[in-house]
Amino acid sequence: MHGSGSSMKRLLTWATLVGSMSAVTKAACPFADPNYHLAKRDEGASQQTENILEEYEVDDSNAYMSSDVGGPMEDQNSLKAGYRGSTLMEDWIFRQKIQHFDHERIPERAVHARGAGAHGTFTSYADWSNITAASFLGGAGKKTPVFVRFSTVAGSRGSADTARDVHGFATRFYTDEGNFDIVGNNIPVFFIQDAIRFPDLIHSVKPSPDNEVPQAATAHDSAWDFFSQQPSTMHTLFWAMSGNGIPRSYRHMDGFGVHTFRFVTDDGNSKLIKWHFKTKQGKASLVWEEAQVLAGKNADFHRQDLWDAIESGNGPEWELSVQIVDEEKALAFGFDLLDPTKIIPEELAPLVPLGIMKLDRNPTNYFAETEQVMYQPGHIVRGVDFTEDPLLQGRLFSYLDTQLNRNQGGPNFEQIPINRPVSPVHNNNRDGAGQMLIHKNVYPYTPNTLNGGYPLQANQTHGKGFFTAPNRIVDGKLVRALSPTFDDHWSQPRLFYNSLTRVEQQFLINAIRFEASHLKNEQVKKNVLEQINRVSNDVAKRVAVALGLEAPAPDPAFYHNNVTAGLSIFNGTLPTIATLRVGVLASSFNDGSLAQARELKEQLSKEGVVVTVVGEVLKEGVDQTYSAADATGYDAVVVTDGAEGLLTGGKNSPLFPAGRPGQILVDSYRWGKPVAAVGENSGQALEQTVGVSRGQDEGVVVGEGVEQVVKGVEEGLRVFRYLGRFPVDEGAE
Ligand code: HEM
């Protein structure tokens, strides 16, 4: 991080911390005690969740139909009084089947209703007992099963995956000392600073209460009315308006715990930490128009992508890291670590990688697993502790409470197979709807003598129990107010904006223009400009132009030129292209084209690239018809030699919508994707279709042979999007 500016002076006191924290590595930790050994409960691989879930699996192959209580029966015709008579009350088979159907639906999540999940494993890089007593971090190579659910926030359960939104990134670790959840997002900050405002935030972004419009979108007056009246939203809003709001896939985004948490060692030493999941696939995002088209063409784009990647053996990976800060440094950086609208720039507290998470198993049943998983920030284990962040504090109530609603009032949802821990459960919680356990202890109270005092209380020194960091001290007058240390809402959105590439900045501005142009209320528009102007006059001016409004004069109190690393999505290349998708445009009626398509597929598949050969009609060697194909389906497109007629002469055919083959190229090009052609004729047709001349655009590859084109396409996939094709406002700062 570098630069100048008044507000950044506060941030620049970081250097001391960077020095002390960079020493925290796996090999040598400054607070390590070499003589200390964590008593590990489970030295080997953890008992897999798979075993637990398998117990409940139902295999219908080779079985007779039975009732819910196991009696074989038939259920295709109801019992009637004669062939043409009414159905009888006696028909228990009818009643049972219909009653169950009538009650199939449970309330969707109040937020994050739309999502997809997968199983996997977390492997710790080392024994981290020098910084945390958390058992899943207690040994090199120690494996812990996980279940991760990704989601969008605002849309209902059937909404489109590619709606612009913050994305949920909720991870459950089934540790051998109980379930531990990091219920995080793909954006490291949040809109508000006190949980009591959460209903206001959500009411403002959800569809209008009268007509329930619009679905899964913030491009409406109430959302921006709230954003502009509640400036703590600015930072998260800037992130959501950038590519982070429209990731290429769940696999191409990072995850964050957002709040500051605590690590606590067995002997009670604590440090402040922030959780980061860094994607090993590289960060990548869609462009907005593509995301919008996808919302209609394939509402399941992200869940399908995750599913397919795992099925093809390319399960995604994330490195779990933490930023660690001394307790007394909570206010040392010019902002408050209890404020969830702030990041700790990496330059101040480097990321310490703790382990690797890989997702490699799809759920067996969406409802049983993905829908019924109940994450809670309050699912915590020994070695981790909360902070006083008022957003976190409120979440500790909300999830537990709402899940009672999702489980139709029954408190036993932790007994549902996907929620069961791999460690045993012993407590005096009893009864309730759907109780699945048969408790033998008839003395369910503590203290007792009649059950020998069991279950015993586990704490810091006995039974390796959870304990609150002993050094946590809180005192003060009762106040119904936010801390004045939470007041700066504008320096960090500016830091974010400054840290993007020029074209990414343009994308962000375009996204705000898009949203704000949907606003009907003139006052809301002005309020929006006023808030943006506190972050940047450049952004405010450029948004104002599109709204036909006068730009406000600079409001420079929080302006600065600092930047920080790691925030841009587009300024690097992807570390892997496996699972990216290439469309090969062929002609079903040209054998040469099909032979070349086959060769392209063979070559590209070697790198794990998924190739779809498109033709006019399905036949051997053609995977998809032009009528069902479009640019959203591919990360790159190649035209085969022999298919050029589809771009020029044969544009129209009853076999596909007018001009579809060319449209695939035009859209791919407009959305920044690499496009390629094999052979001179198709090369010329490609260049003519997308409107470039030879050598003018490095993402347009024309090669004589397959090998050359494959090389160019692979390189193009690594670049992912050619940002030079996107115009930037004239005179942009
Ligand atoms: C840092 C801020 C927050 C983050 C990172 C966050 C993240 C998440 C995630 C990832 C989910 C989906 C979990 C799943 O996949 O099942 C979720 C659900 C939910 N969140 Fe939050 N959230 C935040 C703030 C809040 C606040 C302040 C509240 C309320 C005071 C809240 C209430 C809820 C509720 C009610 C659900 C539905 C839970 C369920 O039905 O299981 N969230 N949140």
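The values are calculated or read from the model by the stated rules, or taken from the named source; none is laboratory data. Bear in mind that the values here come from a model prediction, so they are computed numbers and not experimental data. When we count neighbours, we look across all protein chains shown, and the Cβ atoms used for this are built from the backbone with ideal geometry, even at glycine. Note: areas computed on protein heavy atoms with side chains; ligands, DNA, RNA excluded. Shrake-Rupley method; radii C 1.70, N 1.55, O 1.52, S 1.80 Å.
Things to note:
- Selection status of residue 533, open to solvent by less than 20 Å² (accessible area, probe 1.4 Å), touching a helix residue (DSSP H, G or I) at 6+ places or on another chain (Cβ under 6 Å), over 26 Å from residue 391 (Cα atoms) and not aliphatic (A, V, I, L, M): yes
- Residue check for residue 313: open to solvent by less than 40 Å² (accessible area, probe 1.4 Å) and on the phi > 0 side of the Ramachandran plot: no
- Within region 380-394, restricting attention to residues that are open to solvent by less than 40 Å² (accessible area, probe 1.4 Å) and not hydrophobic (A, V, I, L, M, F, W, C), the residue that is farthest from the ligand (Cβ to nearest atom) is 382.
- Taking region 192-267 as the region of interest, the helices (runs of 4 or more DSSP H) fully inside it that hold 3 or more residues being within 12 Å of the ligand (Cβ to nearest atom), open to solvent by 10 Å² or more (accessible area, probe 1.4 Å) and at pLDDT 95 or above are 198-205.
- Residue match in region 107-119 (condition: more than 16 Å from the ligand (Cβ to nearest atom), open to solvent by 40 Å² or more (accessible area, probe 1.4 Å), of a type in the set (D, E, K, R) and at pLDDT 95 or above): no
- Given (1) away from the ligand (no atom under 16 Å from the Cβ); (2) open to solvent by less than 20 Å² (accessible area, probe 1.4 Å), number of the condition residue 125 does not satisfy: (2)
- Within region 284-309, the set of residues being in contact with a strand residue (DSSP E or B) (Cβ under 8 Å, 6 or more places away or on another chain) and either open to solvent by 10 Å² or more (accessible area, probe 1.4 Å) or at pLDDT below 95 (or both) comprises 303, 307, 308.
- Test: residue 405 is within 16 Å of the ligand (Cβ to nearest atom), out of contact with any helix residue (DSSP H, G or I) (no Cβ under 7 Å at 6 or more places or on another chain) and open to solvent by less than 40 Å² (accessible area, probe 1.4 Å): no
- Of the numbered criteria (1) open to solvent by less than 40 Å² (accessible area, probe 1.4 Å); (2) modelled with pLDDT of 95 or more; (3) part of a loop (DSSP other than H, G, I, E, B), the one residue 24 fails is (2).
- Scanning region 683-705 for residues that are among the hydroxyl-bearing types (Ser, Thr, Tyr) and outside any loop (DSSP other than H, G, I, E, B) gives a single hit, 689.
- Matching entry among 541, 477 (being open to solvent by 30 Å² or more (accessible area, probe 1.4 Å) and assigned to a helix (DSSP H, G or I)): 541
- Every pair of residues 6+ apart whose Cβ atoms lie under 8 Å, when the first sits in region 651-671 and is open to solvent by less than 70 Å² (accessible area, probe 1.4 Å) while the second is outside any loop (DSSP other than H, G, I, E, B) and among the acidic types (Asp, Glu): 667/290; 671/289; 671/290
- Of all residues in region 173-191, those being within 30 Å of residue 424 (Cα to Cα), within 14 Å of the ligand (Cβ to nearest atom) and crowded, with 23+ Cβ neighbours inside 10 Å number 3.
- Residue 637 more than 19 Å from residue 684 (Cα to Cα), buried (at least 24 other Cβ atoms within 10 Å of the Cβ) and under 38 Å from the mean Cα position of the chain (by Cα): no
- Whichever residue in region 138-162 is over 11 Å from the mean Cα position of the chain (by Cα) and of a type in the set (Lys, Arg) and, among such residues, is surrounded by the most Cβ atoms within 10 Å (Cβ to Cβ): 142
- Residue check, residue 515 surrounded by 21 or more Cβ atoms within 10 Å (Cβ to Cβ) and among the charged types (D, E, K, R): yes
- The set of residues from region 355-400 being closer than 30 Å to residue 232 by Cβ and part of a strand (DSSP E or B) comprises 384, 385.
- Within the span defined as region 556-570, every residue fails to be part of a helix (DSSP H, G or I), open to solvent by 50 Å² or more (accessible area, probe 1.4 Å), in contact with an Asp or Glu (Cβ under 8 Å, 6 or more places away or on another chain) and farther than 23 Å from residue 292 by Cβ.
- When the residues of region 221-257 are filtered to those that are in contact with a helix residue (DSSP H, G or I) (Cβ under 8 Å, 6 or more places away or on another chain) and of a type in the set (Val, Ile, Thr), the one that is nearest to residue 169 (Cα to Cα) is 246.
- Taking region 137-169 as the range and being in contact with a Gly (Cβ under 8 Å, 6 or more places away or on another chain) and more than 14 Å from the ligand (Cβ to nearest atom) as the test, the residues that pass are 137, 145, 160, 163, 164.
- Positions within region 698-733 being out of contact with any Leu (no Cβ under 7 Å at 6 or more places or on another chain) and open to solvent by 50 Å² or more (accessible area, probe 1.4 Å), in sequence order: 698, 704, 707, 708, 711, 715, 724, 727, 730, 731, 733
- Only one entry in 129, 159 is of a type in the set (Ser, Thr, Tyr), part of a loop (DSSP other than H, G, I, E, B), within 27 Å of residue 248 (Cβ to Cβ) and at pLDDT 95 or above, namely 159.
- Any hit, region 341-359, residues being buried (at least 16 other Cβ atoms within 10 Å of the Cβ) and within 11 Å of the ligand (Cβ to nearest atom): yes
- Restricting region 589-623 to residues that are open to solvent by 40 Å² or more (accessible area, probe 1.4 Å), under 36 Å from the mean Cα position of the chain (by Cα) and in contact (Cβ under 8 Å) with a residue 40 or more places away in the chain, the residue that is farthest from residue 288 (Cα to Cα): 599
- A single member of 469, 433 is at pLDDT 95 or above, surrounded by 14 or more Cβ atoms within 10 Å (Cβ to Cβ) and either among the hydrophobic types (A, V, I, L, M, F, W, C) or over 36 Å from the mean Cα position of the chain (by Cα) (or both), and it is 469.
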